[in-house]
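Asker: One structure, pasted below without further comment.
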Amino acid sequence: MTNPLPGAPHLAYSQGRLAMDGLDLQSLGQAYGTPLYVYSAQAMSAAARAYQAALAGRPHLLCYAMKANSNLAVLQTFAQLGLGFDIVSAGELKRVLAAGGDPAKVVFSGVGKTRAEMQAALRLGVRCFNVESQAELEVLAEVAQHEGRAARVSLRVNPDIDAGTHPYISTGLKGNKFGVAHDRALSLYAQARQLKGLDVMGIDCHIGSQITEVAPYLDALDRVLDLVEAIERDGTRLHHLDLGGGLGITYTDEQPPSPQALVQAMLQRIDARGHGHRELLLEPGRSLVGNAGVLLTDVLYLKPAQADEMTQGGRHFCVVDAAMNDMMRPAMYQAWMGIVECVQPPAGAARTTWDVVGPVCESGDWLGKDRSLAVQAGDTLAVLSAGAYGMTMASNYNTRGRAAEIMIKGGRAHLIRERETPEQLFAGERLIG
């Protein structure tokens, strides 16, 4: 058996056929149609347990950042493991409830919470609001007083740390929209302490996504602990440290630290500075689900360039039935995602360098460029590391129904989302009489 993705034992070639947890992926594509997302419940559980093992013996709450993948079966998997959830909308909160999650383990993040969302979250008793501006702090206090409840809050502090990731997924710099400025945090905590309707619980920090080194986390942690000490000297007691998520995964040759290595380094720094008594909140997303999923897509047509076209910048195009509306990351972030054949070509088979593109009417509709593949029309390809920010970012552009989703659990394939039909897409629209 050979593995096309380092560190993903649930995904391997067996007798030349790509399988996830022992189930043949091409056969799943044929049975359920493509494009098709396929996830491993076993891989998700193993990723969560790695964090839980690293945090064992310490007061903590592990919250899944569900923006990465919010399918109910995915949420159910983590709820059954005892995880909480990091949400950014009332819609996500409703998903948590539908999946059997505990609102008392929910952290409500996001820069633009509405009054209605605050009200709903207060009534359900969410664990904490991560507040990201003075204006939000004041509105939340008003809503809480109107509800006759106390809103438990942390302030999300922007530490101005460069996490070394893509600009679109960097969240901890001064130029990012997230959080309150580090040099304003002390005065805002003093204000929060005085506002009726608020119960100050902790401090929050999140510096970005797809981070592949420990150093940025430790730099941010030091700045946060400096603030904690200043805030408490000023008279506000803090119960927890919320250090966010953002740990990267392997897409190609990245070697991110393991959850154990990251958590151990942070705990050592926390203990060394005398803060080991505080509860620690972490909010991983991509690192729990990213490598647990693939996107299956069938080859529709091959459009090889002619020899004279190649000298003029021509390209060989492999046209597949998945598109940017199914997987936005390559078009939005220029992200590199592995693409492999579901049936390994014979040894010595001729390979061609293809741009793998979809049928959407945009030149930006591509899944991978310059990929060496031995393919023909009708073959099935697997886009690797597709468990995070695939379906949650999917759209219906060109009136394309979103893909079906499958979860492999207990040696069986479970349909966890049906493929959308065109009629479902325009069911809420009305003609003018």
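No value in this document is a laboratory result; all are computed from the given coordinates. Just so you know, these numbers come straight off a predicted model, no measurement behind them. Heads up, the Cβs are rebuilt from the backbone with ideal geometry, glycines too, and the neighbour counts pull from every protein chain shown.
Asker: Can you give the Rg to Rh ratio for the stretch 21-72, taking only C-alpha atoms and Rh from Kirkwood? Display every interim value, and only then the final one.
Answerer: On the way: Rg = 15.5 Å, Rh = 13.7 Å.
Using only Cα positions, Rg/Rh for the stretch 21-72 is 1.13.
Asker: Could you grab the relative contact order for the chain? Cα pairs under 8 Å, six or more apart, rounded to a whole percent. Write out the running numbers ahead of the final one.
Answerer: Details: 963 pairs, mean separation 81.5, N = 433.
It comes to 19 percent, rounded to a whole number.
Asker: Suppose we take every Cα in the stretch 212-339 and form the convex hull; what volume per residue is that in Å³?
Answerer: Values: hull volume 20.2 nm³, N = 128.
For the stretch 212-339, the hull spanned by Cα atoms encloses 158 Å³ per residue.
Asker: Also, I was wondering about something else. For the stretch 1-46, what's the radius of gyration and Dmax over Cα atoms, in angstrom?
Answerer: 10.7, 28
Asker: Give me, ordered by chain and number, the residues 5 or more places off Tyr64 or on other chains with an amide H under 5 Å from its own placed amide H.
Answerer: It is Gly84, Phe85, Asp86, by chain and number.
Asker: Sticking with this structure for a sec: What would the Debye formula give as log10 I(q)/I(0) at q = 0.06, 0.14 Å⁻¹ for the alpha-carbon point model of the chain, no solvent?
Answerer: Log-scaled intensity ratios, in q order: -0.28, -1.26.
Asker: Which whole-number percent is the relative contact order of the stretch 109-284 (Cα, under 8 Å, 6+ apart)?
Answerer: Details: 313 pairs, mean separation 34.6, N = 176.
Relative contact order, the stretch 109-284: 20 percent.
Asker: Could you work out the per residue convex hull volume over the alpha carbons of the stretch 271-352, in cubic angstrom?
Answerer: On the way: hull volume 19.1 nm³, N = 82.
Considering the Cα atoms of the stretch 271-352, their hull volume per residue is 233 Å³.
Asker: Around Gln264, under 13 Å between beta carbons, what's the net of Lys plus Arg minus Asp minus Glu among the other residues?
Answerer: On the way: positive: Arg58, Arg269; negative: Asp271.
That sum, taken over residues with Cβ under 13 Å, equals +1.
Asker: For the stretch 341-433, state which trypsin sites (Lys or Arg not before Pro) are in a DSSP loop and have at most 14 other beta carbons lying within 10 Å of their beta carbon. Write out the running numbers ahead of the final one.
Answerer: Details: sites: Arg351, Lys369, Arg371, Arg400, Arg402, Lys409, Arg412, Arg417, Arg419, Arg430; in loops: Arg351, Arg400, Arg402, Arg419, Arg430.
Sites meeting the loop and neighbour criteria: Arg351, Arg430.
Asker: Quick check: residue separation of Glu147 and Arg351 times 0.36 nm, minus the Cα distance between them. What number comes out in nm? Could the numbers behind the result be given before it?
Answerer: Values: separation 204, 0.36 × 204 = 73.44 nm, distance 6.49 nm.
Result: 66.9 nm gained on full extension.
Asker: Moving on. Compute, for the chain, the length of the dipole vector about the Cα centre, with Cβ point charges of +1 (Lys, Arg) and -1 (Asp, Glu) only. Units Debye, rounded to 20.
Answerer: Details: 39 positive and 45 negative charges, 189 e Å.
With only Lys, Arg, Asp and Glu charged at Cβ, the dipole is about 900 debye.
Asker: Ok, one more. Would the stretch 362-433 count as rounded, prolate or oblate if I go by the C-alpha gyration tensor, calling it rounded below 1.5 in a/c and otherwise prolate when a/b exceeds b/c, oblate otherwise? List each step's numbers first, then the result.
Answerer: Numbers: a/c = 2.31, a/b = 1.35, b/c = 1.71.
Taking the square roots of the gyration eigenvalues as a ≥ b ≥ c, the stretch 362-433 is oblate.
Asker: Along the Cα→Cβ direction, 7 angstrom out, place labels at Gln334 and Ala53. What is the inter-label distance in nm?
Answerer: Placing both labels 7 Å beyond Cα along the Cβ direction yields 3.8 nm.
Asker: Please report the net charge: other residues with Cβ closer than 14 Å to the Cβ of Asp86, K and R +1, D and E -1. Numbers along the way, then the final one.
Answerer: Details: positive: Lys67, Arg95, Lys105, Lys113, Arg127, Arg156, Arg286; negative: Glu92, Asp102, Glu132, Asp204, Asp242, Glu283.
Charge balance in the 14 Å sphere: +1.
Asker: On to the next question. What's the FRET efficiency of Asp222 with Leu431 using the Cβ-Cβ distance as r and R₀ = 56 Å, to the nearest 0.05? Let's see the in-between values first.
Answerer: Details: r = 61 Å, r/R0 = 1.08.
Efficiency for this residue pair is about 0.40.
Asker: Right, another one. Count the net charge of all other residues whose Cβ sits under 11 Å from the Cβ of Tyr251, scoring Lys and Arg as +1 and Asp and Glu as -1.
Answerer: Neighbourhood net charge equals 0.
Asker: Next question, about the same structure. Take Glu213 and Arg419, extend 7 Å from each Cα along the Cα→Cβ direction, and tell me the distance between the two endpoints in nm.
Answerer: Taking the simple label geometry, Glu213 and Arg419 are separated by 4.5 nm.
Asker: How large is the Rg to Rh ratio of the stretch 1-146 when both quantities use alpha carbon positions and Rh follows Kirkwood? Show your work: numbers first, answer last.
Answerer: Working: Rg = 19.2 Å, Rh = 17.6 Å.
When Rh is taken as the Kirkwood radius, the ratio is 1.10.
Asker: Only helical DSSP H runs with n ≥ 4 go in: add -39500 (n - 2.57) per run for the chain, normalise by residue count and round the 222 nm mean residue ellipticity to 500 deg cm²/dmol.
Answerer: Values: 13 runs with 125 residues, N = 433.
That calculation yields -8500 deg cm²/dmol at 222 nm.
Asker: Around Ala413, which amide H atoms from residues at least 5 apart in sequence, or from another chain, sit under 5 Å from its own amide H, with H modelled in the peptide plane?
Answerer: Result for Ala413 returns nothing.
Asker: Still on this model: Counting C-alpha atoms alone, how compact is the stretch 109-284: give Rg to one decimal and Dmax as a whole number, in angstrom.
Answerer: Spelled out, the Cα radius of gyration and Dmax of the stretch 109-284 are 16.2, 53 Å.
Asker: Please state, to two decimals, what the Cα-based radius of gyration of the stretch 93-135 comes to when divided by 2.2 N^0.38 Å (N = residues).
Answerer: Numbers: Rg = 10.4 Å, N = 43, 2.2 N^0.38 = 9.2 Å.
Rg over 2.2 N^0.38 Å, computed on Cα atoms: 1.13.
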